[in-house]
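Undergrad: One structure, as structure tokens, below. Some questions next.
The values are calculated or read from the model by the stated rules, or taken from the named source; none is laboratory data. Here the structure is a predicted model, which is why all the values come from computation and not from measurement. Neighbour counts run over all protein chains shown; Cβ positions are idealised from the backbone, glycine included. The protein model used for the area step is the full one, side chains on, heavy atoms only, and it has no ligands, DNA or RNA in it. Shrake-Rupley method; radii C 1.70, N 1.55, O 1.52, S 1.80 Å.
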Amino acid sequence: MKYCDKCKITIDTFNSYCPLCQQVLEGEPSPDLIEKYPEYVSANRKIYPITKKIIMFVTIVSMIILLIINLASYNGNLWSLIPIGSIFFFWILISVGIFSRQNIAFRFVFLTFLLIGLLILIDEASLQIGWSYNYLMPILLSVCNLAISGIILIKRIDYRDYILYLLTIAILSLVPIILVFTGIITIVWPAITAFALAIFILLFIIFFFPKSIKDEIKKRFHA
Amino acid sequence: MNKQSRHETWFRMDNSGKIFPEVSSHRETNVFRVAISLTEKIDNVLLQQTVDTILARYPMFKVKLKKGLFWSYFDYNSKPFHVEELKHYVCGEISPKKNNGYLFRVMYRNTDIIIEMFHSLADGAGVIKFLKALTYEYLVLVGKDIKPDNLVPTKNQRPSMEEYEDANTKFYDKKNKKHVPEKRAYRIKGSPLSEDLTGIISGTMSTSRMIRLARENKMTITEYFAALMMYTIYITQIQYRGQIKSNQAPVKIFVPVNLRKHFPSNTLRNFSNFVKVGMVMTEDDISFEDLKIFVKEQFEKGMTKSELIRKMSENVKFEKNIFLRFTPYFLKKYALKIGYNMLGMKLNTMSLTNIGKVDFPESMQPFVFDVTAAVYAGKFNTVNCSIMSYQDRLKISFTRSIVETTIEREFFRHFTDLGIDVEIESNYVEEY
Ligand SMILES: [Zn+2]
């Protein structure tokens, strides 16, 4: 036990000074003393944010340069928006797809939406031949459907976390078939494939997980 | 809520728990700690086994935080929980995204078991029950011949619905929910510690001596400490400096009140409220004697049943608001955040939490040495204080986010000047 004659307190430590007044302590620590609290070991957690900051800085600067060049030589065409949009998508892809700790099914659904949106924009901005609706939207929705079903099969124990996302994407896979009837989609087979897959998955959920889906909805929507 | 099989349990958040996920960060962690020192070195393998057993008995803690459309909630967590060796951090952030999604930690070091809990999940009294159950099962597993004597809940008891109830809404009175506006509180100044570290300094004194001291002053221990705390802040920070603008804000001590002592409930979740003592301290001649009288008065006023119900209902009314209830969560959380930043934290200079005394059955007592409680210290509440006692060891722990220790020094010197022995512990955070 050590002693501080200023504060008149006792303390058992290997440190040489009083934590209250910083005066030197008298006496010796107990022979079998183990410090109450461990020493601080720096976790070096600063490195990651700095790398992130540098990359962020470089991308923002290049986006601004692109926009300035475009505006300086403006001829009625805002071409810089395409690379800027792509960089932007790439950023979201990296941060949501890889670094986010969000639920993996959520990430799939989110990125699928984003990609479909981006592709439709590019399609509309360029030749407007409708490849994004006709092929890519139904195919991407089916891929996402299969991917989430696959995850549920592999990680069976957590299936309740994913089932609501599966339901969402399965319901949204019915959109292409609606677009067929409104005449926006002209190539029918990808839309039909996506529709068939979605119906199959929906029926599967309804037959085999009726309680889970009810519980999940109750949880998510309680007010 | 627990009618389904164990694997499908989920829990609504209680009224006071709802705010914490939105206002917590690396700096404002809203984490508190209770620790127990046993008489023998902790076996981490057995401790891990114990926690696994306990989690099966207390499904309320085997959860992760999830977001719904209108509110976030606790959902069953299927991932394993891991006990860890104690690190230097005191009440560090519990991010729902790390730690396998668990909202508490169990750590060990030498003879100590340390539990850190995110405030959303439970309050001090709830964690004490968890700690007692954990200690009991651990000692049984180590091979000690002990009996629960109905003082600790054991793994064989069935979980009861009452343990999970949100008692706040049970005692809600819509006729008594008036909001009383408050002024921003005085903030204890100091130089921030590097890397957001937290310092902890605890002083252990004799429980019986403290009770005698409080009685001599016709006060409870909590009242005595609250008065002394105000006096200490006054003499170290404000006295003779009343002309400075920032010193003219009232010094306000936030004292949590365990409502289970005032209203019948056995819940493990948040069921606490507070009493606040506040005073503008710009006069040059405030004495400790003045403050004792003042604090006693304020406690008497704040502890009346109707005042406690008013404070409870003031919070509950917020979640009963039909408009707010059906606002989607991603918008609602901003409302919660703004409300809390404007009102919550900045209305208190310091929190002083008296967890009270912990009892163990006689057969367990030879294996338990002492207990410690601590709450996080953040940017605005730079110094916080918690008290917990076991047998004749009463431990007062100061946590701080600043380098200076003048408040701790003057506080403990008050007792040594009275001739009372004080044994100090510190994590010597200023070394780093
Ligand atoms: Zn000293």
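Undergrad: Hey, which of these cross-link pairs are over 21 Å Cα-Cα: A:K218/B:K337; B:K144/B:K357; B:K97/B:K333? The partial results should precede the final answer.
TA: Details: A:K218/B:K337 26 Å; B:K144/B:K357 23 Å; B:K97/B:K333 18 Å.
Result: A:K218/B:K337; B:K144/B:K357 exceed 21 Å.
Undergrad: Per 10 Å bin from zero, what fraction in whole % of the C-alpha pairs of the protein assembly as shown is there, up to the bin with the longest pair?
TA: 3, 13, 21, 23, 18, 11, 7, 3, 1, 0
Undergrad: A further question on this structure: Based on the Cβ-Cβ distance from B:E182 to B:S363, what FRET efficiency comes out when R0 is 45 Å, to the nearest 0.05? If you can, show how the numbers build up before the last one.
TA: On the way: r = 48 Å, r/R0 = 1.06.
It comes to 0.40.
Undergrad: Here's another thing I want to ask about it. Quote the FRET efficiency, to the nearest 0.05, computed for B:E307 versus A:V58 with a Förster distance R0 of 60 Å and r equal to the Cβ-Cβ distance.
TA: Values: r = 58 Å, r/R0 = 0.97.
E(calc), rounded to 0.05, equals 0.55.
Undergrad: Where in region A:189-223 does accessible area fall by at least 10 Å² between the isolated chain and the complete protein assembly, at a 1.4 Å probe radius?
TA: Residues of region A:189-223 that lose at least 10 Å² of accessible area once the other chains are added: A:K211, A:D215, A:K218, A:K219, A:R220, A:F221, A:H222, A:A223.
Undergrad: What does the charge dipole of region B:367-422 about its Cα centre add up to, to the nearest 20 debye, if the Cβ of each Lys and Arg holds +1 and the Cβ of each Asp and Glu holds -1?
TA: Details: 6 positive and 7 negative charges, 47 e Å.
About 220 debye.
Undergrad: Another one. Any chance you could look up the accessible area of B:T207 with a 1.4 Å probe, heavy atoms only, rounded to 10 Å²?
TA: Ignoring ligands and nucleic acids, B:T207 comes out at about 20 Å².
Undergrad: Could I ask something else about it? Which parts of region A:59-95 would a label at A:A125 reach, counting a residue when its backbone N lies under 13 Å from a point 7 Å out along Cα-to-Cβ?
TA: Residues passing the 13 Å test: A:67, A:77-90.
Undergrad: What is the ratio of the Cα radius of gyration of region A:49-111 to 2.2 N^0.38 Å, where N is its residue count, to two decimals? Mind dumping the intermediate values first?
TA: On the way: Rg = 14.9 Å, N = 63, 2.2 N^0.38 = 10.6 Å.
With N residues counted in region A:49-111, Rg over 2.2 N^0.38 Å equals 1.40.
Undergrad: Under 1.5 on a/c is rounded, so check that first for region B:97-151, then, if it is not, pick prolate when a/b is larger than b/c and oblate when it is not; a ≥ b ≥ c are the square roots of the alpha carbon gyration tensor eigenvalues.
TA: On the way: a/c = 2.64, a/b = 1.57, b/c = 1.68.
Judged from the Cα gyration tensor, region B:97-151 comes out oblate (a/c at least 1.5, b/c at or above a/b).
Undergrad: What does the accessible area per residue of chain B come to in Å², with a 1.4 Å probe and no ligands, DNA or RNA counted? Write out the running numbers ahead of the final one.
TA: On the way: 17730 Å² over 432 residues.
Per-residue accessible area for chain B comes out at 41 Å².
Undergrad: Another question, then. Expressed as a whole number of Å, what is the distance separating the alpha-carbon centroids of region B:281-321 and region A:83-124?
TA: Spelled out, the Cα-based centre of one part sits 52 Å from the other.
Undergrad: State the antiparallel share, in %, of DSSP beta bridges confined to chain B, rounding to the nearest 5.
TA: Values: 57 of 66 bridges.
Here the share of antiparallel DSSP bridges comes out near 85 percent.
Undergrad: For chains A and B, what's the summed buried accessible area, probe 1.4 Å, to the nearest 100 square angstrom?
TA: Values: alone 15670 and 19900 Å², together 31100 Å².
Interface area, both chains combined: 4500 Å², rounded to the nearest 100.
Undergrad: Let me ask something else. Can you bin chain B into rounded, prolate or oblate? Criterion: square roots of the alpha carbon gyration tensor eigenvalues sorted a ≥ b ≥ c, rounded for a/c under 1.5, prolate for a/b above b/c, oblate for the rest. Walk me through the numbers on the way to the answer.
TA: Details: a/c = 1.57, a/b = 1.17, b/c = 1.34.
Note, shape of chain B comes out oblate.
Undergrad: Something else about it: Tell me the accessible surface of B:L347 in square angstrom (1.4 angstrom probe, heavy atoms of protein chains only), to the nearest ten.
TA: 20
Undergrad: Can you give me the distance in nm between label points at A:I171 and B:N100, each placed 7 Å from the Cα along the Cα-to-Cβ direction?
TA: For the pair A:I171/B:N100, the computed spacing is 3.3 nm.
Undergrad: Once the Cα atoms of region A:130-223 are picked out, what are the Rg and Dmax in Å?
TA: When restricted to the Cα atoms of region A:130-223, Rg and Dmax are 14.5, 43 Å.
Undergrad: Note down the relative contact order for chain A as a percent, whole number, built from C-alpha pairs under 8 angstrom at least six residues apart.
TA: Values: 176 pairs, mean separation 26.6, N = 223.
Averaging sequence separation for qualifying contacts and normalising by length gives 12 percent for chain A.
Undergrad: Could you tell me which residue out of B:T50, B:L38, B:M60 lies farthest along the dipole of region B:35-76 toward its positive end? Charges go on the beta carbon: Lys and Arg +1, Asp and Glu -1, centred on the Cα centre.
TA: Toward the positive end, the furthest listed residue is B:M60.
Undergrad: Follow-up question, since we're still on this one. Taking 0.36 nm per residue of separation and subtracting the Cα-Cα distance, what length does fully extending B:L324 through B:I293 add?
TA: Taking 0.36 nm per residue and subtracting the Cα distance, the gain is 7.0 nm.
Undergrad: Can you work out the Karplus-derived ³J(HN,Hα) for every residue in region B:229-239? Use 6.51 cos²θ - 1.76 cosθ + 1.60 with θ = phi - 60°, whole Hz, and x for glycine or proline.
TA: Couplings: 5, 5, 5, 5, 4, 4, 6, 8, 10, 10, 3 Hz.
Undergrad: Follow-up question, since we're still on this one. Just to check I understand the Karplus step: with θ = phi - 60° and J = 6.51 cos²θ - 1.76 cosθ + 1.60, what whole-Hz values come out for region B:77-84, glycine and proline as x?
TA: 10, 8, 7, x, 9, 10, 7, 10
Undergrad: Need one number: nm distance between label points at A:W189 and B:R241, each 7 Å from Cα along Cα→Cβ, rounded to one decimal.
TA: Modelled inter-label distance: 8.1 nm.
Undergrad: If I model a spin label at A:I206 and A:E28 as a point 7 Å from the Cα along the Cα→Cβ vector, what separation in nanometres do I get?
TA: Result for the modelled spin labels: 8.2 nm.
Undergrad: Further, regarding this structure: With +1 on each Lys and Arg Cβ and -1 on each Asp and Glu Cβ, how big is the dipole of region A:130-223 about its Cα centre, in debye rounded to the nearest 20?
TA: Result for region A:130-223 is approximately 320 debye, rounded to the nearest 20.
Undergrad: Of A:F195, A:F57, A:F113, which is the most mobile in a GNM of chain A whose springs link Cα atoms less than 10 angstrom apart?
TA: Residue with maximal mean-square fluctuation among A:F195, A:F57, A:F113: A:F57.
Undergrad: Provide the FRET efficiency to the nearest 0.05 for the B:Q49-B:Q157 pair, computing r from the beta carbons and using R0 = 25 Å.
TA: So the FRET efficiency works out to roughly 0.85.
Undergrad: Alpha carbon centre of region B:372-425 versus region B:217-276: separation in Å?
TA: Region B:372-425 and region B:217-276 have Cα centres separated by 14 Å.
Undergrad: Any chance you could check the Cα centroid distance between region B:79-145 and region A:158-192 for me, in angstrom?
TA: If we compute the Cα centre of each part, the gap is 45 Å.
Undergrad: With N denoting the number of residues in region A:1-159, provide Rg(C-alpha) divided by 2.2 N^0.38 Å, to two decimal places. Intermediate values should be presented prior to the final figure.
TA: On the way: Rg = 29.7 Å, N = 159, 2.2 N^0.38 = 15.1 Å.
Output field value: 1.97.
Undergrad: Measure off, as a whole percent, the carbon and sulfur share of the 1.4 Å-probe accessible area of the protein assembly as shown, all protein chains present. Spell out each step's value before the answer.
TA: Values: 19430 of 31100 Å².
Taking all protein chains in place, the protein assembly as shown shows 62 percent carbon and sulfur surface.
Undergrad: Gaussian network model of chain B, Cα springs within a sub-10 Å range: biggest mean-square fluctuation belongs to which of B:M388, B:M364, B:M350?
TA: Sorting by GNM fluctuation, first place goes to B:M364.
Undergrad: So for the protein assembly as shown, taking the charge dipole from beta-carbon charges (+1 Lys/Arg, -1 Asp/Glu), which of B:V429, B:I396, A:I169 sits furthest toward the positive end?
TA: Ranked along the dipole, the leading option is A:I169.
Undergrad: What dipole magnitude, in Debye to the nearest 20, does chain B give about its Cα centre under +1 on Lys/Arg Cβ and -1 on Asp/Glu Cβ?
TA: Details: 64 positive and 50 negative charges, 437 e Å.
It works out to roughly 2100 debye.
Undergrad: Choose one answer from A:S42, A:S30, A:S62: the residue with the largest mean-square fluctuation in a GNM of chain A with alpha-carbon springs under 10 Å.
TA: Ranking A:S42, A:S30, A:S62 by mean-square fluctuation puts A:S30 first.
Undergrad: With a/c under 1.5 counting as rounded, go ahead and sort region B:199-431 into rounded, prolate or oblate using the C-alpha gyration tensor (a ≥ b ≥ c being the square roots of the eigenvalues; past the cut-off, prolate if a/b is larger than b/c, else oblate). Numbers along the way, then the final one.
TA: Values: a/c = 1.59, a/b = 1.22, b/c = 1.30.
Because a/c hits 1.5 or more and a/b fails to exceed b/c, region B:199-431 counts as oblate.
Undergrad: Tell me, what are the semi-axes, in whole angstrom and largest first, of the equivalent ellipsoid of region B:129-178 as set by the roots of 5 times the Cα gyration tensor eigenvalues? Show your work: numbers first, answer last.
TA: Values: eigenvalues 255, 21, 13 Å².
Semi-axis lengths for region B:129-178 are 36, 10, 8 Å.
Undergrad: So for A:L141, A:L71, A:L179, A:L172, what's the accessible-area order with a 1.4 Å probe, most first? Could the numbers behind the result be given before it?
TA: On the way: A:L141 5, A:L71 100, A:L179 35, A:L172 55 Å².
Putting A:L141, A:L71, A:L179, A:L172 in descending order of accessible area: A:L71, A:L172, A:L179, A:L141.
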